[in-house]
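Contents: one structure, followed by commentary.
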Amino acid sequence: MPELRLEGLAEPVLANYLAALGVFRALAEQADPEATLRFESTGVPILETRLEPDAWVRWVLDEWQPSPI
């Protein structure tokens, strides 16, 4: 599975951690139920998904729908 590194969410701030969880939740619910999320020792969140980076960007721009919490 391709890995998507969310470098911009690596700072050790609660908001970044929650943002990474939100991205994962949206992806897992709407595009790839087999996606996984893990954090490197440096704090960088990494999504493992069947979507290639270009397909992931297209999904976010064209198909993603906000969902209630």
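Nearest 10 degrees, 0 to 90: what angle lies between the long axis of helix 14-30 and the longest principal axis of the chain (Cα atoms)? Taking the Cα atoms of the chain, the angle to 14-30 is about 20 degrees. For trypsin sites (Lys or Arg not before Pro), the sites in the chain that DSSP calls loop and that have at most 16 other Cβ atoms within 10 Å are R50. Tell me, what is the percent relative contact order of the chain, built from C-alpha pairs under 8 Å that lie six or more residues apart? Rounded, it is 39 percent for the chain. For the range 1-41, GluC sites (Glu not before Pro) are listed when DSSP marks them as loop and at most 14 other Cβ atoms sit within 10 Å of their Cβ; the list is E34, E40. Neighbours of L4 by Cβ distance under 12 Å: Lys/Arg scored +1, Asp/Glu scored -1, total -3. Kirkwood radius for the chain, taken over all pairs of different Cα atoms as the inverse mean of 1/r, rounds to 12.3 Å.
Computed per residue of the chain from DSSP H runs no shorter than four, each worth -39500 (n - 2.57), the mean residue ellipticity at 222 nm is -12500 deg cm²/dmol.
Along the positive direction of the dipole of the range 1-68 (beta-carbon charges: Lys, Arg +1; Asp, Glu -1; about the Cα centre), which of I46, S67, L27 reaches farthest? Of the candidates, S67 comes out farthest on the positive side.
Treating the beta-carbon of each Lys and Arg as +1 and of each Asp and Glu as -1, no other charges, what is the dipole magnitude of the chain about its Cα centre, to the nearest 20 debye? Display every interim value, and only then the final one.
Numbers: 5 positive and 12 negative charges, 37 e Å.
I would put it at about 180 debye.
Every number here is computed from the coordinates shown, using simple stated rules; none is lab data. Computed from a predicted structure; not experimentally measured. Note that each Cβ is placed from the backbone with ideal geometry, even for glycine, and that neighbours are counted across all protein chains shown.
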